[in-house]
Amino acid sequence: MHEAAGFIKGWLDARGIHAVQEECRGLPVIRAESGDADGITVVLHGHVDVVPADEGQFDPVVEGDRLIGRGAYDMKAALAAMMLAVPVPGEEIPGLRVRLGIVSDEESEESANRGSDFLVESGLTGDFAITGEPTDLHVGVAAKGVLGIRIGVGGRSAHGSTPWLGDNAILRAVEMFRAIESLPFAKESSELFDRPSISLGRIWGGDALNKVPDYCAIDVDIRFLPHQRPERIREQIRALGPARMEDIIVLPPVDPGSDSPWVTRLVEVVGRHHEAPILSVGRDGASDAVSFIRAGIPAVEFGPSGAGHHGPDEWVSVSSLTTYYRALKEFLATIAKPADRQADD
């Protein structure tokens, strides 16, 4: 990530866009800006970190309209388009300041002292923020929250040849996970989401092949709906039976609403560049946009088309990147206009 951050800073500097590289928890954080310091300020925000993958997935491959590779869709392609959208010296937009913020820990399991919070707290603020997460050219106005929980389940050890004399903690932990999937909160829905997301991400249990395990820990990734509360979810899990439970990560949902004039304008602009209906949608993943929303800054997710993020066949549509870049440029060019001039467009 340090090499990627160094490349980005050098690329911005070479275009005459002054960039500053700092660190948060030892990870690089980059900020840059261009334009009128007294004008309307739009923040373009993204991340360079990716989830682990096989070595071959880091070699980009182009097949037709697909650029295949780890991080192509989530979200280095969008970040590249955002970098290009920042006006260079001599091409600044009157009445507009564009700020760029880039972090290296969006995919991390840290709840506090995150890079995006660091950027906002150190002054990277504005009137509106766009986080370039993958949205298939829709405008993401809501995102689920994150409740990552480690649950420890006890059992009774026995010899592997006589498992009926023991109580297998691994099997009990899996049974508890299945029970979590059936709890009342898991069946709820909201305007933009048909259900929460519940995933068994990691499991530890057993210390010998020939021994029935007497303890097992599982990490459960729960993406909860905007109206749900982590404490109520924990209460329902505790009611399933004795278990140790500790939080790994807790991030709030994003739910700024879709009636913001900023959102309306962005949807209008994207609609002029994209044939499919442009809807304000809810995103199943969590969002660093919450760092801006907590500071009172309206923020959405908006990114190019593709599929398979965090999977072995992650890809981004090359043609959608052109559409994405043009939509960003037009949005920036028009958002600084006074309202009466926008009405004449």
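The values are calculated or read from the model by the stated rules, or taken from the named source; none is laboratory data. Remember, it's a predicted structure, so these values are computed and weren't measured experimentally. Every residue, glycine among them, receives a Cβ derived from its backbone with ideal geometry; neighbour counts consider all protein chains shown.
What to note about this one:
- If you go through the range 216-250 and pick out every residue that is among the polar types (S, T, N, Q) and either free of Cβ contacts under 8 Å to residues at least 60 places away in the same chain or assigned to a strand (DSSP E or B) (or both), you end up with 1.
- If only residues of the range 143-185 that are in contact with a helix residue (DSSP H, G or I) (Cβ under 7 Å, 6 or more places away or on another chain) and assigned to a helix (DSSP H, G or I) are counted, the one that is nearest to Glu246 (Cα to Cα) is Ile180.
Listed here are the residues, each with its yes/no results for (1) more than 30 Å from Val263 (Cβ to Cβ); (2) of a type in the set (Gly, Ala, Ser); (3) under 22 Å from the mean Cα position of the chain (by Cα); (4) at pLDDT 95 or above.
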| site | (1), (2), (3), (4) |
| --- | --- |
| Lys144 | no, no, yes, no |
| Gly166 | yes, yes, no, yes |
| Ile180 | yes, no, no, yes |
| Phe185 | no, no, no, yes |
| Gly205 | yes, yes, no, yes |
| Lys211 | yes, no, no, yes |
| Cys216 | yes, no, no, yes |
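- Residue in the range 40-51 that is among the hydroxyl-bearing types (Ser, Thr, Tyr) and in contact with a Pro (Cβ under 6 Å, 6 or more places away or on another chain) present: no
- Total residues in the range 1-28 satisfying the condition of being more than 10 Å from Val48 (Cβ to Cβ) and either in contact with a helix residue (DSSP H, G or I) (Cβ under 7 Å, 6 or more places away or on another chain) or among the hydrophobic types (A, V, I, L, M, F, W, C) (or both): the figure is 8.
- Within the range 216-224, one or more residues are assigned by TED's automatic domain parsing to the domain that holds Gly166, within 12 Å of Leu147 (Cα to Cα) and of a type in the set (Lys, Arg).
- Residue list for the range 139-164, filter: basic (Lys, Arg) and farther than 30 Å from Tyr324 by Cα: Arg150, Arg156
- If the condition is being farther than 30 Å from Ala336 by Cα and crowded, with 20+ Cβ neighbours inside 10 Å, then the range 25-48 contributes Leu27, Pro28.
- Residue within the range 154-172 that is touching a residue at least 24 places away in the same chain (Cβ under 8 Å) and closer than 30 Å to Glu275 by Cβ present: no
- Segments classed as strands (runs of 3 or more DSSP E), wholly inside the range 1-101, with at least 1 members that are among the aliphatic types (A, V, I, L, M) and without any contact (Cβ under 8 Å) to a residue 12 or more places away in the chain: 61-63
- Filtered residue count, the range 231-253, keeping only those that are β-branched (Val, Ile, Thr) and farther than 16 Å from Glu181 by Cβ: 3
- Filtered residues of the range 3-24 (kept if surrounded by 15 or more Cβ atoms within 10 Å (Cβ to Cβ), more than 20 Å from Glu106 (Cβ to Cβ) and not hydrophobic (A, V, I, L, M, F, W, C)): Arg15
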